[in-house]
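As structure tokens, the structure follows; a few thoughts come after it.
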Amino acid sequence: MKQLIEVVDFESLSIKIEGLKVDGIIFLIDEFVLSLYKDHLNLQDLGKATNKKVILKTIPRGEKAKSFHIYENIVEEILREGIHRNYHVIACGGGAISDISGFIASSLLRGLSWSVIPTTLLSMVDASIGGKTGINSKSGKNLIGAFHMPDHIWLNPFFLETLPKEEFLNGFGEVLKYSFLDIKIKESLLNSKFKISEIIHLCANYKSRLVEEDFKEKGPRKYLNLGHTFGHAFEKMYPISHGEAVYWGMQLLFHIFERQDLIKDCDDMMRALNLSFGKAPWGNVLKDSSTFVNDVMGFVKRDKKVISEKEIELVFINEKRIPYLLVCDFETIKSKLDSFFKENYVGF
Ligand SMILES: NC(=O)c1ccc[n+]([C@@H]2O[C@H](COP(=O)([O-])OP(=O)(O)OC[C@H]3O[C@@H](n4cnc5c(N)ncnc54)[C@H](O)[C@@H]3O)[C@@H](O)[C@H]2O)c1
């Protein structure tokens, strides 16, 4: 199962879409992205240019896109237009749009082929790659979905020009994660002349390689969860983005395992990139560190990487800078958190 990842501009993107060997295109786009890029995408002429039937649907921006209600409306509208198995879905937007669009592609007529044009940094380096699709349920995020691999991922870094700073930082949390998993990405980031398009391509290809090796996340694909166990806890505990939560999740992991080398890398990278996530999110609550540790442990015990009543598989980096899975019991994690906060705390 291979997904083709290419860096494009608007002109080459049109050529790629025109070259799809399908009878029709179902183009699903974030309504805000459409308002910003109407002229660049020139969608009103897509039918003429491709000589195919084009069904264009806008999707509300943000997490609310991933709902039953929106899924049902869009699927019913598409079916009313009359489609068959040789229609191709194209998702254009951030991760919320690729998640619901991929799920629509996976379920319409029991599966249509699809491609993605990611428009946020997070979706370029992460969400658009790997074929995890889905919507949210009242019981939790991403609980309804399917694995459905896209054929093409067209990366156009031009979209980043309009991305708000907080969304950029959100994506950079994931980029930093990749820099610990792959030395080439770290070196490229530390090179003062780096091009964002190259970094995006490296990160996207890194994820793609792991996905090809381990589509259903039974082995190395799990490495992509570096920093995510504490990160998911912080995402629930504080009003911060996913990428920022992952950054702090890695920081805390490196601190409690006393990996000064990795902490230094984190700091060097932030300095080199002239980025800052500000103060640690738990900065104000540490007068009562035991409540904080208990709260974090509550989330750790419900993490998807828990493997028994007492243990979880953490992603870690060895001395040679190679990722691996570390089986760790809850007691050990708790006692490391306790001693770290009791001994050190004021903030990073
Ligand atoms: N499937 C996966 O493997 C995977 C991995 C990571 C995250 N995700 C999912 O991705 C979602 C988050 O994705 P996201 O961070 O891209 O958020 P998003 O899709 O919600 O987009 C964030 C905001 O940015 C706006 N936006 C998008 N492109 C823009 C542009 N070029 N210029 C200006 N504004 C733009 C959107 O309108 C939206 O308001 C979550 O639902 C998460 O669960 C999925």
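Ranked by accessible surface with a 1.4 Å probe, highest first, in what order do R85, R221, R80, R321 come?
Numbers: R85 145, R221 5, R80 180, R321 70 Å².
Descending order: R80, R85, R321, R221.
Name the shape class, rounded, prolate or oblate, that the alpha-carbon gyration tensor gives for the chain, where a ≥ b ≥ c are the square roots of its eigenvalues, rounded holds for a/c under 1.5, and otherwise prolate holds if a/b is larger than b/c and oblate otherwise.
Values: a/c = 2.11, a/b = 1.75, b/c = 1.21.
Prolate.
Subtract the Cα-Cα distance of R271 and D39 from 0.36 nm times their separation in residues, and report this length gain in nm to one decimal.
Values: separation 232, 0.36 × 232 = 83.52 nm, distance 3.71 nm.
Here the answer is 79.8 nm.
Below 8 Å, C-alpha to C-alpha, sequence gap of six or more: please give me the relative contact order for the chain in percent. Could the numbers behind the result be given before it?
Details: 571 pairs, mean separation 47.2, N = 348.
About 14 percent, as a whole number.
Classify segment 307-347 from the C-alpha gyration tensor, please: rounded if a/c falls under 1.5, else prolate or oblate depending on whether a/b exceeds b/c.
Here segment 307-347 falls in the oblate category.
Can you work out the Karplus-derived ³J(HN,Hα) for every residue in segment 38-46? Use 6.51 cos²θ - 1.76 cosθ + 1.60 with θ = phi - 60°, whole Hz, and x for glycine or proline.
Karplus values, whole Hz, x for Gly and Pro: 3, 5, 5, 7, 6, 6, 4, 9, 4.
Give me the number: length gained by fully extending N86 to K53, i.e. 0.36 nm times residue separation minus the C-alpha to C-alpha distance, one decimal in nm.
Numbers: separation 33, 0.36 × 33 = 11.88 nm, distance 1.11 nm.
Result: 10.8 nm gained on full extension.
Determine the per residue accessible area of the chain with all protein chains present and a 1.4 angstrom probe, expressed in square angstrom. If you can, show how the numbers build up before the last one.
Numbers: 16250 Å² over 348 residues.
Each residue of the chain exposes 47 Å² on average to a 1.4 Å probe.
By its C-alpha gyration tensor, with a ≥ b ≥ c as the square roots of the eigenvalues, how is segment 214-344 shaped: rounded for a/c under 1.5, else prolate for a/b larger than b/c, else oblate?
Details: a/c = 1.44, a/b = 1.07, b/c = 1.34.
Since a/c stays below 1.5, the shape of segment 214-344 is classed as rounded.
Report relative contact order for segment 4-162 in percent, whole number only (criteria: Cα-Cα under 8 Å, sequence separation at least 6).
Working: 301 pairs, mean separation 41.5, N = 159.
RCO, segment 4-162: 26 percent.
Hey, got the dipole for segment 206-321? About the Cα centre, +1 on K and R Cβ, -1 on D and E Cβ, debye to the nearest 20?
Working: 19 positive and 18 negative charges, 41 e Å.
Result for segment 206-321 is approximately 200 debye, rounded to the nearest 20.
Between G243, L210, M124, whose Cα lies farthest towards the positive end of the dipole of the chain when Lys and Arg beta carbons carry +1 and Asp and Glu beta carbons carry -1, centred on the Cα centre?
L210
Ignoring everything except DSSP H segments at least 4 long, calculate the 222 nm mean residue ellipticity for the chain; use -39,500 (n - 2.57) per segment, divide by total residues, nearest 500. Intermediate values should be presented prior to the final figure.
Numbers: 13 runs with 160 residues, N = 348.
Taken over the chain, the calculation gives -14500 deg cm²/dmol.
Normalising by the residue count of segment 214-344, find the relative contact order in percent from Cα pairs under 8 Å and 6+ residues apart.
On the way: 132 pairs, mean separation 30.8, N = 131.
Relative contact order comes out at 23 percent.
State the percentage of accessible surface on the chain attributable to carbon and sulfur atoms; use a 1.4 Å probe and exclude ligands, DNA and RNA. Mind showing how you got there, number by number?
Values: 8180 of 16250 Å².
For the chain, the apolar C and S fraction of the accessible surface comes to 50 percent.
Expressed as a whole number of Å, what is the distance separating the alpha-carbon centroids of segment 66-83 and segment 271-317?
Their Cα centres are 39 Å away from one another.
Connecting C-alpha atoms closer than 10 Å in a GNM of the chain, tell me which of K165, K222, K64 has the biggest fluctuation.
K165
Taking the Cα atoms only, what angle lies between the long axis of helix 95-107 and the longest principal axis of the chain, rounded to 10 degrees?
Helix 95-107 sits at roughly 60 degrees to that axis.
Would you kindly state how much longer the chain becomes between K2 and T332 on full extension, computed as 0.36 nm times their sequence separation minus their alpha carbon distance, in nm to one decimal? Intermediate results must be reported in sequence, preceding the final value.
Numbers: separation 330, 0.36 × 330 = 118.80 nm, distance 3.98 nm.
That pair, K2 and T332, stretches by 114.8 nm at full extension.
The values are calculated or read from the model by the stated rules, or taken from the named source; none is laboratory data. Quick caveat: nothing in here was measured; it's all calculated off a predicted structure. All Cβ positions, glycine included, derive from the backbone under ideal geometry; neighbour counts span all protein chains shown. The accessibility values were calculated without ligands, DNA or RNA, using every heavy atom of the protein model including side chains. Shrake-Rupley method; radii C 1.70, N 1.55, O 1.52, S 1.80 Å.
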